[in-house]
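The values are calculated or read from the model by the stated rules, or taken from the named source; none is laboratory data. All of these numbers come straight from a predicted model, not from anything done at the bench. Please note: Cβ atoms are built from the backbone with ideal geometry, for glycine as well, and neighbour counts cover all protein chains shown. Note: areas computed on protein heavy atoms with side chains; ligands, DNA, RNA excluded. Shrake-Rupley method; radii C 1.70, N 1.55, O 1.52, S 1.80 Å.
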Amino acid sequence: MSRLIGSTVLRGAVGATGLLVVLEAAGRTGLIDTTFLPLVSTVLARAAELAVDGEFLAHAFASAEAWFWALALTIAVAVPAGLLLGVARPAEVAARPLIEFLRPIPSVALIPLAIMLFQNQLHMRMSVAVYAATWPVLINTIYGVRDVDPLAKETLRSFGFGPGSVVLRVVLPSAAPFIATGVRLAASVAIILVVTAEVVAGGINGIGIFINQAGSGNRVDLMIAATAWVGLFGIAVNALLVAAEKRVFRWHHKRLAGVS
Amino acid sequence: LTACGGADTNTGASTTDNGLEKTSLTVGIIAVPDSAPIQIAIDKGFFKAEGLTVQTSIEAGGATATPKLVAGQLDVMLGNYVSLFSAQEKGVGKFKVVADSYQAAPDNFVLMAKADDATINSAADLAGKKIAVNTLNAIGTLAVTATAKVAGVTIETGQFAPMPLPDMGGALKNGTVDAIWVAEPFISANSQQGAKKIADTMSGPMADFPIAGWVMSDDFVTKNPKTVAAFQRALAKAQQLAASDRKAIEEVLPKYTKIDQATAAVIALGVYSTTLSEARLQRVADTMKEYGYLQQGFDVKSVLHAPAAG
Amino acid sequence: MLELVDLTHRYGTYHAIDRINLTVKQGEVVCVVGPSGCGKSTLLRSIAGLIKPTGGRVLLDGRPVESTPDNLAVVFQDYSRSLYPWLSALANVSLPLRRRGLDRKARDEAAMAALTEVGLGTAAAKFPWEMSGGMQQRVSIARALAYRPKLLLMDEPFGSVDAQTREELEDLVLRVCAHHGMTILLITHDVDESVYVGDRVVVLSKAPGTVTGDLTVDLPGPRDQIRTRELDAFVKLRADVGRMVRGMTNNNHHEVEHR
Amino acid sequence: MLELVDLTHRYGTYHAIDRINLTVKQGEVVCVVGPSGCGKSTLLRSIAGLIKPTGGRVLLDGRPVESTPDNLAVVFQDYSRSLYPWLSALANVSLPLRRRGLDRKARDEAAMAALTEVGLGTAAAKFPWEMSGGMQQRVSIARALAYRPKLLLMDEPFGSVDAQTREELEDLVLRVCAHHGMTILLITHDVDESVYVGDRVVVLSKAPGTVTGDLTVDLPGPRDQIRTRELDAFVKLRADVGRMVRGMTNNNHHEVEHR
Amino acid sequence: MNRKGFAGRLARLWIVPVALVLWELATRVAAQPYFPAPSSIVVRIQELWFSGPLTRVLLTDAAIESFGPSLGRLFAGWVLAGLAGVLLGVAIGRSAKLADYLDPILQFGRAVPPPLLVPIFFALFQIGTPTQLAIIVFGVIWPVLLNTADGCRTVDRQYLETARVFGFSRPDVLRRVVLPAAMPKIFAGLRLSLSLALILMVVSELVGSTSGIGYGLLTAQQNFLFVDVWAYIVLLGVLGFLLNASFLLLESRILAWHQRARRTI
Ligand SMILES: Nc1ncnc2c1ncn2[C@@H]1O[C@H](COP(=O)(O)OP(=O)(O)OP(=O)(O)O)[C@@H](O)[C@H]1O
Ligand SMILES: Nc1ncnc2c1ncn2[C@@H]1O[C@H](COP(=O)(O)OP(=O)(O)OP(=O)(O)O)[C@@H](O)[C@H]1O
Ligand SMILES: [Mg+2]
Ligand SMILES: [Mg+2]
């Protein structure tokens, strides 16, 4: 098992290093204009400096806080809503026009409105992120719920369980792995939106604020280094979520995993 | 209304509590030299001396800072006059300029084009060209339009392409736009990267044009007269310092922007104002009216809240 | 207790069962036999309230069945899909017992007892996907028995186990049901089994299924795998049922018939 | 053609089959019987190359089986999950025939013929979830037969059909296989069936399964459901196999035994 | 479709008038310039885009000018992202090794806000539209990619084993087993990314563009024209609704088996 993890990490490292080497070579040979896109090595050096820069860490922490609460709220809202809409077809049909109307509205357009509605920068960022991150969880939950084996539901119904129990004990566990994929999608959407909201709307602190400041000084290297930390955060979050899924959905992977 | 970011509104810290209605202020600034006086006032303790605790919030621009001011997330903001007047006219909110901050000096804001682009050498060549500005409907578009008009060219609004300042160099290079409107430190940077200056947009009709001032909501000013006065007093000292001592600015620039000390020492700066002049600002309103940025005429007196003494 | 009146079901335009009339008394064990695809499972699902029959009525204790009746347990034909892969065998069996208001310990004990009775005492911790087909089928039988329903519906419940286990399970079901006064409707393909287990055997025709025979199995007292099957009455009944089923399937296929 | 040498498999620490040795000759029909959970399906999956046995070897025509061998067809025990729900019965049967280099029309014809032979000529357009359990099972038998494999592995293939259909299917499989010289390994719980269908009957012990009996069924010529089953030799063989299987399961359960 | 079917479909939209009335009431009570009433928004929409000549279904010049290129990029971006997402998703769903190699890069890319990549795209692409397309593709590929990979990774084992014993060729396994089995999840991803494409279309026009829906929205925002801003928001919502409805129509064709197989009463 630990050897397996080892080889996964190793391969990932090989892949990432490969890309970095290619980019560095492209920069050095002039394939990419380094006046606008700094060398990979430069960015890495800046990123390493940022890691121990207290001011940057404060920015990063503010963003991470908004991200965490946004994701938590998203799950708390979207999963129950998705279960309801997935189970109760009439409810889904009724709500569909509203959902499909709201879904394509860019959060960017809503930022000034969110500013009017929320007094606090944390709440404003959260609201924007929740708005965008809800959809992947909601849609995946609805599709996951629809994919539940009807016989599994009928079994519990035949034992006299009511709809609530069926949802809780059959539909939710069956759909959970696919919902989890939605949550992983939402996790990165929430990161994106928190940072974008900071870039667009400004504020007291947050990675987006740092990026704006770096931009004002034309420090593209710092901008990209900060962006790189955002991406690394994404990798870390995804790895955590995947590890959690592997534990919780052991039955799912065992049962469905490809041929041994 | 509560200030954001967890800054609490206690008065205990202040020693010279002279009955201020609100002692803790959140000020929206922009990471450009225009905001320097706030940082100076904080660093030099001018606000503290007035019993004020000031926290800065770094804004991306007027389009989002203005609603924050209306909603009360910000108590004060650095507003560029063009956006501000336009917002006031459109009924976004009622504002008061409590202090002037910054006015243009030669070569503060220039138009640049690719050095090897022979088709564009001056403002007279701008007809039909795509021009990158940081914000639409603001000082940039107004300055370019006015400058071009003097050169005999009418600029259509559709020629302006909005984009963040750091992206402009790349956009110019790959031909997404034909010209860019930039300030320092981007002027120096782009010069090194093969761009040439084709016009100074702060000359002629735009010479010494007021750029930005410190703005509060009308409501706030009415409700907190003492706080406003205290803020004005502290800021006046800082404006004074900024206007007279370039070193003071060079010192604070790296604190709220990522302009480093070396760059700060060489870049061209505008002029920091020490008075709030109705006549100067009326010029902004009139120019805006001339270019269709304002529908009706606009009497700037209604938006001024001059300091009580001096 | 159970009464089917002119029960009819169509899947879209496909006519699956046609005007089935049947009455099952409290405590009776009724076996249903019939050719493959004749609508046996459809009948069972209608009784369980899982599909809404397109015609006729299902009455339980005189009241029409609108949704799934209380106190019912079903062993589905497709047993492997009716077990929850995220639950161990024990948890699968104990899950329905929540409805019985038992606490966790009591549930697990009852589930363990049922698993032991079907010969899976040592496999209680396994997950369904770690079990063989026959083991899964036995888990679903254990689940139904542990629930102690008043009405037990079983769809081909012993199809995947070896002969010996099958006999033991037959006896187990009869014993448990007699003890708790359950009523059973059991679908099977095995004519022997139907006669051995049933108090009555109902024969369905080929699709659209309808009742073509209803025999009362008049065999003495507690059944015994050896003695009962040796009785002349048993042999005769088996032949009777066999004949009826064959009669129904005679023209069902193209192959050369052997009689 | 098929040779198992000391075949052993453990799922994790669980010992499922233990040193199984078995040789199957070209064209032979070998039936495997054994108690539920003794490792029959595990054995079949090892031969099909679907699991990698933890010990021993599988040789096919003298070559070790590394991955799934060519020219193989399997009827899985869990037939309902081995049909593709997005394909009609006909498409399910004709899909593997792509490998046979047939054009679409030829494929559909062959598939249709196979479906007709299992009595589903009129249900070819149905989707798996529109079919009864027995029908699904027959589709998967039709799929295997239409494919004309050299080696046919069947795991409890007639468990969900009625007695008459079962007999017909047994004969069908024997006929088709004899005609095309297929080799068959058939897992069943039905002792009668194993003797009727098989040239040999292999008996496995309870888990960990190992070969405890290997009987050659020496019955004359083309089998016939009535005549063959009436033969004394048949009755004796059946009793022999029955005894061997029972011997294996005797201590398998807790219930009171009947002998 | 018969009359009853059409009426039934219309009846499904009952929530729309309800929502509109509530919205109208809420905005009137709030009386805020930032939140204009829907009635005034509708009037503005008509002025902006639907006061043109009948011959062009009332579309104004402005509408044609900004919708055409925007929608073109939207579709191109979505189709490209869909294809690339499915291909890549299948590849990493079926090959654990490839997934290992690419995983960090993909997870990295997924978390980076597309607007921040603009300078990189500027450096990589030479002219306007490819940059904008790149932004759209980069932004919308993830739901398709992840859901496809997930769907392909978790195909029922028995389906694959069946394919294997019958000796399906690798392409056949992919095309006839893995893809159909993963199809429901792929469609969930495509549906997510369709409305995401609208969003990314707007985002891509926020930087360096001089026309299009996103540009119009930004102009309205920076001019403090709130009714216009809302007109754009409503336009996007309606477009999204229509796109989604067409998508569901397509889906119900392709996934008919799935919907019927999974139906219970
Ligand atoms: N969901 C469905 N849609 C359409 N037709 C169906 C559906 N379910 C079953 N049928 C059809 O109804 C008929 C009866 O099916 P049913 O499952 O009740 O048969 P059965 O008697 O249980 O057969 P078996 O013994 O093979 O399990 C079959 O012909 C089948 O094709
Ligand atoms: N994936 C698995 N993980 C762990 N144990 C397993 C797994 N699959 C099967 N087993 C165990 O291996 C043993 C043999 O299983 P197998 O399916 O081969 O039995 P079988 O002889 O086919 O039984 P049946 O006649 O009931 O189908 C069983 O005890 C089962 O619990
Ligand atoms: Mg059935
Ligand atoms: Mg088995």
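General observations
- Of the residues making up region E:146-172, those that are open to solvent by 30 Å² or more (accessible area, probe 1.4 Å) and within 11 Å of chain D (Cβ to nearest Cβ) are E:ARG157, E:TYR159, E:ARG164, E:SER169, E:PRO171.
- Residue in region B:1-22 that is part of a strand (DSSP E or B) and either within 12 Å of chain A (Cβ to nearest Cβ) or modelled with pLDDT of 80 or more (or both) present: no
- Among the residues of region B:254-305, those that are closer than 27 Å to B:LYS226 by Cβ, among the small types (Gly, Ala, Ser) and in contact (Cβ under 8 Å) with a residue 60 or more places away in the chain comprise B:SER273, B:SER277.
- Number of positions in region C:97-123 that are open to solvent by 10 Å² or more (accessible area, probe 1.4 Å) and assigned to a loop (DSSP other than H, G, I, E, B): 4
- Of the candidates B:ASN134, B:ASN108, the single residue that is open to solvent by 40 Å² or more (accessible area, probe 1.4 Å), in contact (Cβ under 8 Å) with a residue 40 or more places away in the chain and out of contact with any strand residue (DSSP E or B) (no Cβ under 6 Å at 6 or more places or on another chain) is B:ASN134.
- Region C:146-173 - residue that is more than 16 Å from ligand 2 (Cβ to nearest atom) and under 12 Å from the mean Cα position of the chain (by Cα) and, of those, farthest from C:PRO69 (Cα to Cα): C:GLU170
- Residue match in region E:67-83 (condition: touching a Pro at 6+ places or on another chain (Cβ under 8 Å) and at negative phi): no
- Residue match in region D:144-159 (condition: of a type in the set (Phe, Trp, Tyr) and more than 16 Å from ligand 1 (Cβ to nearest atom)): yes
- Some residue of region B:223-244 being more than 14 Å from chain A (Cβ to nearest Cβ), of a type in the set (A, V, I, L, M) and not in a helix (DSSP H, G or I): no
- Exactly one residue out of A:GLY160, A:GLY82 is at pLDDT 90 or above and open to solvent by less than 20 Å² (accessible area, probe 1.4 Å), and it is A:GLY82.
- In region E:233-251, the condition of being in contact (Cβ under 8 Å) with a residue 12 or more places away in the chain and more than 16 Å from the chain's Cα centre (by Cα) is met by no residue.
- The single residue among A:VAL167, A:VAL183, A:VAL220, A:VAL237 that is at pLDDT below 90 and open to solvent by 10 Å² or more (accessible area, probe 1.4 Å) turns out to be A:VAL220.
- Yes/no for E:TRP142 being part of a helix (DSSP H, G or I), within 30 Å of B:PRO164 (Cα to Cα), within 11 Å of chain A (Cβ to nearest Cβ) and at pLDDT 90 or above: yes
- Selection count where residues are closer than 28 Å to E:ALA181 by Cα and away from ligand 4 (no atom under 13 Å from the Cβ), scope region D:54-80: 9
- Residue under evaluation A:VAL130, criteria (1) more than 15 Å from the chain's Cα centre (by Cα); (2) open to solvent by 10 Å² or more (accessible area, probe 1.4 Å); (3) away from chain E (no Cβ under 12 Å), criterion not met: (1)
Yes or no, residue by residue, for (1) in contact (Cβ under 8 Å) with a residue 12 or more places away in the chain; (2) open to solvent by 60 Å² or more (accessible area, probe 1.4 Å):
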position	(1), (2)
A:THR8	no, no
A:ALA13	no, no
A:LEU31	no, yes
A:THR42	yes, no
A:ASP53	no, no
A:ALA60	yes, no
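- In region C:1-36, the residues that are within 12 Å of ligand 1 (Cβ to nearest atom) and under 16 Å from the mean Cα position of the chain (by Cα): C:VAL32, C:VAL33, C:GLY34, C:PRO35, C:SER36
- Residue match in region A:102-114 (condition: under 15 Å from the mean Cα position of the chain (by Cα) and open to solvent by 20 Å² or more (accessible area, probe 1.4 Å)): no
- Complete set of residues in region E:173-191 that are under 30 Å from D:ILE47 (Cβ atoms) and either crowded, with 23+ Cβ neighbours inside 10 Å or within 10 Å of another protein chain (Cβ to nearest Cβ) (or both): E:ARG176, E:VAL177, E:VAL178, E:LEU179, E:PRO180, E:ALA181, E:ALA182
- Total residues in region E:199-235, condition at the interface with chain A (Cβ under 8 Å from one of its Cβ atoms) and over 30 Å from E:ALA123 (Cα atoms): 3
- Verdict on B:SER57 being of a type in the set (Ser, Thr, Tyr), out of contact with any Asp or Glu (no Cβ under 6 Å at 6 or more places or on another chain) and assigned to a strand (DSSP E or B): yes
- Test: residue in region B:228-235 that is modelled with pLDDT of 85 or more, open to solvent by 80 Å² or more (accessible area, probe 1.4 Å) and of a type in the set (Lys, Arg): yes
- Of all residues in region B:236-258, those that are of a type in the set (S, T, N, Q) and open to solvent by 10 Å² or more (accessible area, probe 1.4 Å) total 2.
- Some residue of region D:55-69 being within 12 Å of the chain's Cα centre (by Cα) and either free of Cβ contacts under 8 Å to residues at least 60 places away in the same chain or within 9 Å of ligand 2 (Cβ to nearest atom) (or both): no
- Unique match (being within 18 Å of E:GLY139 (Cβ to Cβ) and assigned by TED's automatic domain parsing to the domain that holds A:TYR131) among A:ASN212, A:ASN238: A:ASN238
- D:SER194 being within 16 Å of ligand 1 (Cβ to nearest atom) and closer than 28 Å to D:LEU120 by Cβ: no
- Restricting region A:163-206 to residues that are farther than 19 Å from A:ASN238 by Cα and hydroxyl-bearing (Ser, Thr, Tyr), the residue that is nearest to the other protein chains (Cβ to nearest Cβ): A:THR196
- E:VAL118 vs. criteria touching a residue at least 40 places away in the same chain (Cβ under 8 Å), of a type in the set (Val, Ile, Thr) and within 14 Å of chain B (Cβ to nearest Cβ): yes
- Selected residue [away from ligand 2 (no atom under 16 Å from the Cβ), among the basic types (Lys, Arg) and within 30 Å of D:THR54 (Cβ to Cβ)] from D:ARG200, D:ARG243: D:ARG200
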